[in-house]
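Have a look at the structure below, then the notes.
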Amino acid sequence: MIGYQRLCKHEQCPVTRDGALNVHIIPHSHMDAGWVKTFDDYYYGTKSSVSSANVQLIYHSVLSELLHDKRRKFTFSETAYFWRWWKEQRGTTRATFRSLVAEGRIEFAGGGWVQSDEATVDYLQLLDQYTWGLRKLNDTLGPCGKPKAAWQIDTYGHTREHTSLLAQMGFDGLFIGRVEHRERETMIEEDKMEFMWRGSDVLGKMSDIMTHTLYNLYNAPEGFCFDFLCSDEPIVEDPDSKSYNADKRVNDFITQIERQAKYYDHDNIMVTMGGDFTYQSAANWFINIDKLINHVTTHPANMSDINIFYSTPSCYLKSVYLYGRRDKALYTEKADHLPYGSDVNTYWTGFYTSRPSLKYLSKRAHAFLQVVKQLSVLSRMGDSYELHLLRHAVGLVLHHDAITGTSQQRVANDFIRILSEAIEACSKKVSQFLSVLTPTWGGSRRPKNSQQFIICHQLNISQCRSNVLWTLEISSP
Amino acid sequence: MARRATWTAYPVRRSASLAVEHCVHEKETGPVLETKQDDFFPLAYDKHSYTSGMFTSRPTFKHFVREANVFQQTARQLQVVANLGNNDDLFEEFSWIMGVAQDHNVISGAMRPYVKDYYTEKLHLAVQGASVVITEAINKVRGSPTTTEYRLCYFNISSCPNTEVERFYIIIYNSLAWPVTMPVRLPILNKKYDVFDPLGHKIKAVMIKIPDHVMKIPKRRSKVEDELIFIAENIPALGFRSYFVEETNINRKKKSLIKKINKNSQKKYFIRQASKDNLTYFNDNENYDDYDYSKTETKVEFGDIGDVKVTNDNNNVITPKPTRSAQTTKSYDLTKPNENIQEVKNANDFGNDKMADNDAMKYDLEKDSYYSEESSDNFIKNKYIQINIDEYRKISSLNLSNGVNISLDIQFFYYVSDEPAKLNSSKRNPGAYIFRSIDSHPEPIIDDFETTIFKSNVVEEIHCKYSKYASLTLKLYANNPIVEVDWLVGPVSINDDLGKEVFIRYTTDLENKGVFYTDANGRQTVKRIRDRRALYEPYNLDHIAGNYYPVTSRIYIEDMKRNIRVSVFNDRSQGGTSLLDGSIDLMLHRRILTDDSGVQTFLNETENDVGIIVRGTHYLYITKSNYKQNRLFEKKFAKEIELKPQILISKLNRNTDKKKWIILKNEFSSLKTKLPFGVHILTLQKWQTNKLLLRLENYLEQVDVINDGIKKVFLKDLLKNIKLKNVTETVLSANINLKDWTPLQWQINGSFVKNFNDFYGNHKEEFSTDTLGPVRDFNINEAVVLVPQQIRTFIVDFEYEN
């Protein structure tokens, strides 16, 4: 179990900041298993005159976008589509997908064969479809693929019995989208957008599940649907461009999330970024969300200290669960049992105060850089994005090495993040050199100047902490 | 009090160490959650737009999914118990379509017609595939040649090429863990047939006319006008029984057969039947062992339908014995005659006055019982129930043998579906999801009314035609406390350019004061109150659509004062409500000309450009409401509808021969020991090589049980020929070992009430105090303990014993 826990790295959930408004950006795509098209038509994209939806494209597009940036995360749900896709993939693609799952960057929510109806279905058939879907996830992705959050975001009404069954399946929380308009008003008035729902009187606590009512159904905030299915404008951040709109757009975004924050009783909010069959061109979404995150962080209107980052439903649940708890580290003692047991703080506390570690890391990184450079030549792969990343990281850290002791903690943290991300990216690259995995690493959208790193140090840093540790462990002689 | 003790005595999950940790964190400032204990129905987009239409939309698809599920469960069980080879690919296909069918846009009926056709075909193929597995298993168990083939019947149109012959046999498979008694109806030639059980004994069977409205279904090409009906009693648990059917020898004198069954002989027959069958209806397969056991011998008498006397002996085995033979029938309680009720003097004819009539006992059933007769009576009845029609030949009242009399009217109606565009309104369109009538007045469907009564020795029927497109058959089987309502709707005309929502209304004189109950997903029961919601004050509620709730298996109303409960069970999900006191409405079929999804998907189901015809069954059950054991019966009965035993027919074959048939194994059960009443083997399937997935369920609810309702099952005694070895208990979805799972400890604001249904509308604020105990390793030698509504999931290593 410990092995899995380490492997799954659920500790990679972004760390929230007490006192800040922690905004969890949840990229996701909602895929009906049949509506205006059949399952097959949706999967392959046939009958495009009826609907342009194309699930296989969504999987590929999301996968390749996630590889471009470690911060990015994505949430899938319907195992029936995943299984169809998985069956058609080569071993290397599967391995990449599996590693993204292990890193907590792809998460399955719900994980039933489909997102089932609740009103009209029989409980035995419900159980069968959950059992089947979750089993397929287990067979393909292993324990890391196990969904922790139930995800019934489009169902037309919700039954007690279904809720009771979910609780008994071991889900940590349930996310629902559609609530009767009048009931929703009441929930807002009475501060009940999140509540503990008891599914069965006689089963009592066995049937209790924490339930979160999504703020905006499951769609992106108004004006921020970056899909070709929507007509919302992209964000232009270049102040010299005539189309520059970043200020205005970010203002609009902050207004919306601050309104949303009023309805939840803690310092986390969840912003779903997606919709029906969205992310066929995932780049469109991720490029703009990247910019959004960067600019919200640096925007002057960000008076209330908004901490914004990519997240997943289970990371959101974890953050809410840990909200206000004084000693979050205590939970690590139950690491092997509690899904959210491992918390990076325990490691972190010992780590960031230790300057020798950083020095050691930078030296390791430098040595590693030489290895990667040599390999890339030997394998005739030429220069790569990762190599570029590592080269700059090493250069940057060496350059700032002298000031780490006096710099703010988060700056120091950021160096570690940059380094470890680069190391990890290159670790992959090294194996790619040997096994020739993904041929197209060129054309990265990331600018190649040092300005990028200045922006980066404003970012959430949670991922890097454990990465660093993990990297150190595997790279230590 | 007893319940609390239960929880500690039978700890279910959560480790002790966590309980300690919980204390540590108790004082912390975590998020504190409000509580909710009701559900989210019906969903409304806005005050005009309730998605209560989808509870009914595409009724034929909804039913097909249910039926396919029975085949899936059956095939999975047989895969295990008959030790078949590897059928994983087939089950992969099956799981694919059964899973996809559960999608919120699929089973809800919102999908486009071509999508529905595609999935229907997939379901059909899956059922065919399952039939191959079932066939292989049955041949293996029966010892019949592996080439023996079986066929399924088109029971939905009462047509079956393989029974419309002179000689055939059937196999009924029961996937439930208890024996099931059910009527069998087989379309046959207009001839006399004999039915034989596996021992070669002839059993009682009758022939009855197929209702005109069924004969006229356009797709029905069969010329056959009759059905053979017999009662298949106690089909073995997790097993099957075969019956052989063949044309009677011609040397029988036909003259004596066509003797008209007059009213008098009919009664005589029923007297005999009642006394005989009381011995078998409640046999000892049905241990209502929920009673409070005590050392002293107690006798509990119950005077309701299915009247049984329960005697406790010290072995804790309760054998209900019949007390009400015709001889002891007390006079029927006529103290509360209702003006609406037809004169009930007939009720006394249930048996009392004719008791001593020995002629009745001598009456030769052999000769005269096969044919049914059109009757001029104004009632049908069996030993429990009498249903009367009034002077207009419309169903008017119902009497139970225990003295309960209620008025009963059954009527089809439709609402005209709203079309906002025509009225220049900006409301959303109704469609597959949204149900909105143009006004609050339902239109009765009664333009071509015709009633015919048929009587026979096994079943009595009222064939009621209301219109060219709406009719029903009311069926009362001998010895069965259930009234079957076989309804048929369609094609619904849209020549007037109006969309229609067709529903059936059962009107009684009960006073339920706006309260009714519906099930959730075929399991727990949730209370509903007309025009109300449990946790908030609705305003501008749509008094029709806003009162519709999903009825997955059952809806009922109760008159607390008169102590009567009226339930309707259905065979697929439907929208249901009680808009008027004493009435139950169930939406049957929807044909709508507007689109509510904005993607040009219309709920206008046609075949060859004509609206489709939908046929289904409602099961009406009336009882005194305070009889606990009848609640148990209702729960069990709901399962028998959900997983209704399916009938396979021998493929047409000249060599079909009774002598060859009888030497085979024609009766089989894979259950080793009888399970306690209330225990259901929910899942029995191969998990991987030498591993089973097994789920046991206690399907009773707290309100049903008399004591604590706790059931115990020993796994090692569960299945024949299968030795269960190591057992791992998992969470419900079988993807986490129960030991490895620890739920989060959230803090909540306030308490849960102990019983929501008691609380809602009554404000009976009794709070729940349950806690959960530690999880322990499960030992195969221990009993599996099941509290009411609990499902336990096990992955079991097993091996075949021979």
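The values are calculated or read from the model by the stated rules, or taken from the named source; none is laboratory data. Bear in mind that the values here come from a model prediction, so they are computed numbers and not experimental data. No Cβ is skipped: glycine too gets one built from the backbone with ideal geometry, and neighbour counts run over all protein chains shown.
Against the test of being at pLDDT below 95, outside any helix (DSSP H, G or I) and surrounded by 22 or more Cβ atoms within 10 Å (Cβ to Cβ), the options A:N216, A:N307, A:N302 yield a single qualifying residue, A:N307. Search the range B:634-654 for residues being touching a strand residue (DSSP E or B) at 6+ places or on another chain (Cβ under 8 Å) and of a type in the set (D, E), and hand back the single one that is nearest to the other protein chains (Cβ to nearest Cβ). The extreme case among them is B:E640.
Within the group B:Y800, B:Y760, which residue is touching a residue at least 12 places away in the same chain (Cβ under 8 Å), under 18 Å from B:W687 (Cα atoms) and among the aromatic types (F, W, Y)?
Working: B:Y760 fails: under 18 Å from B:W687 (Cα atoms).
Being touching a residue at least 12 places away in the same chain (Cβ under 8 Å), under 18 Å from B:W687 (Cα atoms) and among the aromatic types (F, W, Y) holds for just one of B:Y800, B:Y760, which is B:Y800.
Residues in the range B:577-605 that are in contact (Cβ under 8 Å) with a residue 60 or more places away in the chain and either more than 14 Å from chain A (Cβ to nearest Cβ) or under 24 Å from the mean Cα position of the chain (by Cα) (or both): 19 in all. Might you check whether a residue that is assigned to a loop (DSSP other than H, G, I, E, B) and surrounded by fewer than 23 Cβ atoms within 10 Å (Cβ to Cβ) occurs anywhere in the range B:566-573? Yes - at least one qualifying residue is present in the range B:566-573. Residues in the range A:39-60 that are of a type in the set (A, V, I, L, M, F, W, C) and buried (at least 21 other Cβ atoms within 10 Å of the Cβ): A:F39, A:A53, A:V55, A:I58. Considering every residue within the range B:177-192, establish whether at least one is in contact with a Ser or Thr (Cβ under 9 Å, 6 or more places away or on another chain) and of a type in the set (F, W, Y). For the range B:177-192, residues in contact with a Ser or Thr (Cβ under 9 Å, 6 or more places away or on another chain) and of a type in the set (F, W, Y): absent. Taken together, the residues in the range B:105-123 that are assigned to a helix (DSSP H, G or I) and either buried (at least 16 other Cβ atoms within 10 Å of the Cβ) or free of Cβ contacts under 8 Å to residues at least 24 places away in the same chain (or both) amount to 10.
Return yes or no: is A:I269 buried (at least 19 other Cβ atoms within 10 Å of the Cβ), touching a residue at least 60 places away in the same chain (Cβ under 8 Å) and in a helix (DSSP H, G or I)?
Details: buried (at least 19 other Cβ atoms within 10 Å of the Cβ): yes; touching a residue at least 60 places away in the same chain (Cβ under 8 Å): yes; in a helix (DSSP H, G or I): no.
Judged against the criteria, A:I269 is not a match.
Taking first residues from the range B:706-718 that are basic (K, R) and partners that are not in a strand (DSSP E or B), the Cβ contacts under 6 Å between residues at least 6 apart in sequence or on separate chains come to B:K711/B:P676; B:K711/B:G678; B:K716/B:I780. Which of the residues spanning the range B:517-557 are part of a loop (DSSP other than H, G, I, E, B), surrounded by fewer than 19 Cβ atoms within 10 Å (Cβ to Cβ), aliphatic (A, V, I, L, M) and more than 9 Å from chain A (Cβ to nearest Cβ)? Within the range B:517-557, B:A534 is the sole residue that qualifies.
For the structure I just gave you, tell me whether B:E484 is acidic (D, E) and either in a strand (DSSP E or B) or within 14 Å of chain A (Cβ to nearest Cβ) (or both). Spelling it out, B:E484 is indeed acidic (D, E) and either in a strand (DSSP E or B) or within 14 Å of chain A (Cβ to nearest Cβ) (or both). Of the strands (runs of 3 or more DSSP E) entirely within the range B:666-724, those holding at least 2 residues that are crowded, with 21+ Cβ neighbours inside 10 Å and within 11 Å of another protein chain (Cβ to nearest Cβ) occupy B:679-688, B:691-698.
Just one of the listed residues (A:K248, A:K205) is part of a helix (DSSP H, G or I), within 14 Å of chain B (Cβ to nearest Cβ) and of a type outside the set (S, T, Y), namely A:K205. Can you confirm whether A:R90 is within 14 Å of chain B (Cβ to nearest Cβ), surrounded by fewer than 23 Cβ atoms within 10 Å (Cβ to Cβ) and basic (K, R)? No; evaluated as a whole, the condition is false for this residue. Would you say B:S95 is under 27 Å from B:P550 (Cα atoms), facing chain A (nearest Cβ under 9 Å) and in contact with a helix residue (DSSP H, G or I) (Cβ under 7 Å, 6 or more places away or on another chain)? Considered against the rule, which asks whether it is under 27 Å from B:P550 (Cα atoms), facing chain A (nearest Cβ under 9 Å) and in contact with a helix residue (DSSP H, G or I) (Cβ under 7 Å, 6 or more places away or on another chain), B:S95 comes out as yes. Against the list (1) small (G, A, S); (2) over 27 Å from the mean Cα position of the chain (by Cα); (3) surrounded by fewer than 24 Cβ atoms within 10 Å (Cβ to Cβ), the condition A:S164 fails is (3). Residue-level check: of (1) in contact with a Cys (Cβ under 8 Å, 6 or more places away or on another chain); (2) not in a loop (DSSP other than H, G, I, E, B), A:A95 misses just (1).
Given B:V775, B:V753, which one is farther than 18 Å from A:S200 by Cα, surrounded by 17 or more Cβ atoms within 10 Å (Cβ to Cβ) and more than 7 Å from every other protein chain (Cβ to nearest Cβ)? Lay out the reasoning, then the answer.
Working: B:V753 fails: farther than 18 Å from A:S200 by Cα.
Only one candidate passes the filter, namely B:V775.
Only one entry in A:G133, A:G145, A:G157 is more than 7 Å from chain B (Cβ to nearest Cβ) and not aliphatic (A, V, I, L, M), namely A:G145.
Given the condition under 14 Å from B:I410 (Cβ atoms) and not assigned by TED's automatic domain parsing to the domain that holds B:D226, answer yes or no: does some residue in the range B:447-458 qualify? Yes, there is a match, as at least one residue in the range B:447-458 is under 14 Å from B:I410 (Cβ atoms) and not assigned by TED's automatic domain parsing to the domain that holds B:D226.
This table checks each residue for (1) in a helix (DSSP H, G or I); (2) under 21 Å from A:A425 (Cβ atoms); (3) in contact with a strand residue (DSSP E or B) (Cβ under 6 Å, 6 or more places away or on another chain); (4) not β-branched (V, I, T).
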site: A:W35; (1), (2), (3), (4): no, no, no, yes
site: A:S52; (1), (2), (3), (4): no, no, no, yes
site: A:A80; (1), (2), (3), (4): yes, no, no, yes
site: A:V101; (1), (2), (3), (4): yes, yes, no, no
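The combined condition, being modelled with pLDDT of 90 or more and in contact with an Asp or Glu (Cβ under 7 Å, 6 or more places away or on another chain), is fulfilled by B:N690. Exactly one residue out of B:A82, B:A75 is surrounded by 24 or more Cβ atoms within 10 Å (Cβ to Cβ), more than 7 Å from chain A (Cβ to nearest Cβ) and closer than 30 Å to B:I171 by Cβ, and it is B:A75.
Which members of the range B:82-99 meet the condition of being farther than 17 Å from B:Q688 by Cβ and touching a strand residue (DSSP E or B) at 6+ places or on another chain (Cβ under 9 Å)? Result: B:G99, single match.
Among the residues of the range B:491-516, which ones are in a loop (DSSP other than H, G, I, E, B) and farther than 30 Å from B:E634 by Cβ?
Applying the first criterion (in a loop (DSSP other than H, G, I, E, B)) to the range B:491-516 yields B:491-499, B:509-514.
Once the filter is applied, which keeps residues that are in a loop (DSSP other than H, G, I, E, B) and farther than 30 Å from B:E634 by Cβ, the range B:491-516 yields B:P491, B:V492, B:S493, B:I494, B:N495, B:D496, B:D497, B:L498, B:G499.
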